[in-house]
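Below: one structure, written as structure tokens.
The values are calculated or read from the model by the stated rules, or taken from the named source; none is laboratory data. Computed from a prediction, not measured in an experiment: that's the story for all the values here. For neighbour counting, all protein chains shown are included, and Cβ atoms are generated from backbone atoms with ideal geometry for every residue, glycine included.
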């Protein structure tokens, strides 16, 4: 995916999540609240995505960030939508309505991870690829969650509870082992790592309700 398209996906999610958070956290929809949440989510999402890209580079891989989407429905192989459904945009809005603005949904991204140029080797004149393991995918995906939790911890230390709270909630939703979310890559790639991060995230989430 081109960088321009990735940025378009990121910006779309940024707008939606900032709107959702301004309604839920500030109980008001105004320009100040929206731009405050826009700033907060810009920081969180930048750290979340940048840490995954850096980790992917360590594994000589490439990470592409896009809106979480689904293309299949039901359990039969031929059940496909005519176009991918952007759940990363739809779910936050649906959740806002269903919970009457009392709780957010912040899982909106999925990552495409593939071997980079330096994972390629030439053998007998043919170009072949070194496959990446499920554990590699798990570690790259986990980097985003870990960095977000670290951000939440430091935000708490410097008395920025709102950033800390939202960062924790963002990490929690991206740990869900469903569909193409990062939580699914961690869960199926390294079950032990997922259990550790899930426990830490749940403890942090419980504490986050006392913040702000």
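State whether one or more residues within the stretch 15-25 are more than 22 Å from residue 209 (Cβ to Cβ), surrounded by fewer than 18 Cβ atoms within 10 Å (Cβ to Cβ) and at pLDDT 95 or above. Checked against the condition, which is being more than 22 Å from residue 209 (Cβ to Cβ), surrounded by fewer than 18 Cβ atoms within 10 Å (Cβ to Cβ) and at pLDDT 95 or above, the stretch 15-25 yields at least one hit. In the stretch 179-212, which residue that is surrounded by 16 or more Cβ atoms within 10 Å (Cβ to Cβ) and not in a helix (DSSP H, G or I) is nearest to the chain's Cα centre (by Cα)? Only one residue tops the list, namely 181. Any residue at all in the stretch 52-63 that is in a loop (DSSP other than H, G, I, E, B) and at pLDDT below 95? Within the stretch 52-63 (the criterion being in a loop (DSSP other than H, G, I, E, B) and at pLDDT below 95), the answer is yes, since at least one residue qualifies.
For the stretch 64-77, the candidate set comprises residues that are in a loop (DSSP other than H, G, I, E, B) and either in contact with a strand residue (DSSP E or B) (Cβ under 9 Å, 6 or more places away or on another chain) or surrounded by 19 or more Cβ atoms within 10 Å (Cβ to Cβ) (or both); within that set, the residue that is modelled with the lowest pLDDT is 73. Residue-level check: of (1) more than 14 Å from residue 56 (Cβ to Cβ); (2) modelled with pLDDT under 95; (3) not in a helix (DSSP H, G or I), residue 176 misses just (2). For the subset of the stretch 139-157 comprising residues that are crowded, with 21+ Cβ neighbours inside 10 Å and more than 27 Å from residue 62 (Cβ to Cβ), which member is nearest to the chain's Cα centre (by Cα)? The residue in question is 152. No other residue among 93, 89, 113 is in contact with a helix residue (DSSP H, G or I) (Cβ under 9 Å, 6 or more places away or on another chain), closer than 28 Å to residue 140 by Cβ, modelled with pLDDT of 90 or more and not in a strand (DSSP E or B) apart from 89.
Got at least one residue in the stretch 145-157 being more than 30 Å from residue 28 (Cα to Cα) and at pLDDT 95 or above? So far as the stretch 145-157 goes, yes, one or more of its residues are more than 30 Å from residue 28 (Cα to Cα) and at pLDDT 95 or above. For residue 160, indicate whether it is surrounded by fewer than 21 Cβ atoms within 10 Å (Cβ to Cβ) and under 19 Å from residue 21 (Cβ atoms). So residue 160 fits the description; yes.
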